[in-house]
Amino acid sequence: MSPTPAGDARPMEVGGRTLRIGHLDRVVYPSTGMTKAEVLHYYMQVAPAILPQLKDRPVTRIRYPEGVAGEKFFEKNTPRGAPEWLRRQTIPASPGTGDSDTVLDFPFLDDLAALVWTANGGALELHTPQWTVGPRGGVRNPDRLVVDLDPGAPAGLVECAHVALLVADRLRDDGLEPYPVTSGSKGCSCTRRWTADGPRSPSGSTRGRSRTSSPRRTRSRSSPSCARTCAAARSCSTGRRTTRRRRRSRRTRCAGGSVRPSQPRARGTSWTTRTCAT
């Protein structure tokens, strides 16, 4: 399925590239009436913040071509009809694991035009691994450590934040200074930059010591028993198979007006004629 819509599509300049943008009045989030035009506008607004997170990382997309009320699908390969200028590389699906024989043709969203192109195709959630890829296709070591915290009822965000403080203390004991990140949903994580010469994987011992410090609040994985009573901690620090939704990538569910851009387009602005520029 090509991300270039048919019908009312017309050429627009985005970041120095010409894209065919269409169906701008399509309602993507029925509960708020947020349209495709506003989704594209949102991604243009957050591009300075999200592009550094996406740079040099293969992007898995969750696409909703007809909006969040319609069919969705995960997409890893670059779709047919992608522009020739889009960076794409064929790399193992899970490098460094036993599944290195499976290769995929991943797209890379390194600039504004690529970001708007994929959003135009209905890609709302953007997921990347913790590792990057060099210009000639070499897969580099992971450069991010993430300890993911998922609360299960009756635990909530408050309990999750308490566990995050415990995890942060344990990471500091390992000489790692983390920073907190909320998920945009019910959980949060402790994240920090990672280097190849750092500890191999402190997250396992971090989870163990967090359980020792607060066994009634913490479990090292999700399960039906612990989901009812604790915040489950799981790590994707060095996992080759694991991807994470990037911060400021859209969620596919929304509440109230929180999904709308912070600076919505002015009434009367025509997205069918305006130039999408940086």
**Complete:** Considering the stretch 166-191, residues that are over 17 Å from the mean Cα position of the chain (by Cα) and under 20 Å from residue 245 (Cβ atoms), and then whichever is surrounded by the fewest Cβ atoms within 10 Å (Cβ to Cβ), we arrive at 179
**Fill in**
In the stretch 116-125, anything within 17 Å of residue 84 (Cβ to Cβ) and touching a Leu at 6+ places or on another chain (Cβ under 9 Å) is listed as 116, 117, 118, 120
**Prompt:** So is residue 161 more than 22 Å from residue 250 (Cα to Cα), among the small types (Gly, Ala, Ser) and in a helix (DSSP H, G or I) or not?
**Reply:** yes
**Request:** Enumerate the pairs (first residue in the stretch 32-43 and of a type in the set (Phe, Trp, Tyr); second residue anywhere and buried (at least 22 other Cβ atoms within 10 Å of the Cβ) and part of a helix (DSSP H, G or I)) with beta-carbon separation below 6 Å, excluding pairs fewer than 6 apart on the same chain, so at least 6 apart or on different chains.
**Result:** 43/115; 43/119
**Asked** What do you reckon, is residue 85 touching a strand residue (DSSP E or B) at 6+ places or on another chain (Cβ under 9 Å) and assigned to a loop (DSSP other than H, G, I, E, B)?
**Response** yes
**Request:** Counting only residues that are within 20 Å of residue 251 (Cβ to Cβ) and modelled with pLDDT of 90 or more, give me the strands (runs of 3 or more DSSP E) lying completely in the stretch 1-81 with at least 2 of them.
**Result:** 27-29, 60-63, 73-75
**Failed criterion for residue 121 (all others in (1) within 22 Å of residue 46 (Cβ to Cβ); (2) surrounded by 22 or more Cβ atoms within 10 Å (Cβ to Cβ) hold)** = (2)
**Prompt:** Within the stretch 124-165, restricting attention to residues that are in contact with a Phe, Trp or Tyr (Cβ under 6 Å, 6 or more places away or on another chain), farther than 30 Å from residue 9 by Cβ and surrounded by 21 or more Cβ atoms within 10 Å (Cβ to Cβ), which residue is modelled with the highest pLDDT?
**Reply:** 142
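The values are calculated or read from the model by the stated rules, or taken from the named source; none is laboratory data. If you're wondering where the values come from, they're calculated on a predicted model, not measured in any experiment. Virtual Cβ from ideal backbone geometry, glycine too; neighbours counted across all protein chains shown.
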